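Enquirer: Before we start, here is the structure in question, set down as structure tokens.
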Amino acid sequence: MRALSIAHHADAGPGVFADAIRSRGWEHETWMAPAEPAPSVGGYRAVLVFGGAMNVDQEDRYPWLAAEKALLRDLVERRVPILGVCLGSQLLAEAAGAAPRRASEPEIGWREVELTPEGREDPVTGALADRFDALQWHSYEAALPPGATALAHSPVCLQAYHLDGSSWGIQFHAEVAFADFESWIADYRSDPDAVRIGLDPERFRAETRDRIAAWNRLGAGLCGRFLDAVAGSRHSPR
């Protein structure tokens, strides 16, 4: 089986999810959406969509977003399994009929996430603790698409949802490897919200260094359960 990762920056790609994909014997390719033409996705059994410094409603500034959104709408219509992360979760939600929006406040740092009752029974999120601290870096949120199931929330926003079929969105960065996180921290001043809230980069770096090994195990497991759900699905994408 083949999986496609859609990335928006070199330091915001599949991270530890890539190891989970390969460990299950899947073929894996990455499309760098801002720089490359959209691929034909007919041969992919699953698509994973990752984060970026751009926002979901900035097509005027990032015109390539329009082509990516069209591709995601087509994938949703054809019921191709998708796992969206952060910006990817917001793009997936929009493709499924939700409106993009700015969150009531940025979430940058380690923030508590709580599963819903449905999240505790879900094949992808159900293995997580009922409450856990998650690595976050976002100012926008995914609204719950029509017909989707909310799986997790933070005090600020929806943190995970399940679309009808085999597609999921997560707002937190379960994929990030420490080397990529270091790149984000080094460039944090390019995010006006990080500056505005007074982010302490050294504190965030130190906390993440202490937590990252366990966090990467959580992320690899989550991705693995997504792939297992896809592989076990009796539905074949059109």
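Each reported figure results from applying straightforward, stated rules to the coordinates on display, with no laboratory input. Because the structure is predicted, anything quoted here is derived from the model rather than measured. Positions of Cβ are backbone-derived with ideal geometry, glycine not excepted, and every protein chain shown enters the neighbour counts.
Enquirer: Taking a quarter of the surface of the convex hull around the Cα atoms of the stretch 40-174, what do you get in nm²? If you can, show how the numbers build up before the last one.
Expert: Working: hull surface 30.8 nm².
With the hull built on Cα positions only, its mean projection is 7.7 nm².
Enquirer: Dividing the alpha-carbon Rg of the stretch 125-195 by 2.2 N^0.38 Å yields what? Display every interim value, and only then the final one.
Expert: On the way: Rg = 14.0 Å, N = 71, 2.2 N^0.38 = 11.1 Å.
Ratio of Rg to 2.2 N^0.38 Å for the stretch 125-195: 1.26.
Enquirer: Counting Lys +1, Arg +1, Asp -1, Glu -1, what net charge surrounds V113 among other residues with beta carbon under 9 Å of its beta carbon?
Expert: Working: positive: R111, R131; negative: E112, E114, D133.
Local charge sum for V113: -1.
Enquirer: So, one more: Would you kindly state how much longer the chain becomes between S190 and A213 on full extension, computed as 0.36 nm times their sequence separation minus their alpha carbon distance, in nm to one decimal?
Expert: Working: separation 23, 0.36 × 23 = 8.28 nm, distance 2.68 nm.
Stretched fully, the S190-A213 segment lengthens by 5.6 nm.
Enquirer: Go ahead and set up a Gaussian network model of the chain, Cα springs under 10 Å, then flag whichever of V41, V195, V49 fluctuates most.
Expert: V195
Enquirer: Percent antiparallel among DSSP beta bridges with both residues in the chain, to the nearest 5?
Expert: 55
Enquirer: If I take R0 = 25 Å and measure r between the Cβ atoms of A67 and W110 in this structure, what FRET efficiency does the formula 1/(1 + (r/R0)^6) give, to the nearest 0.05?
Expert: Efficiency, rounded to the nearest 0.05: 0.15.
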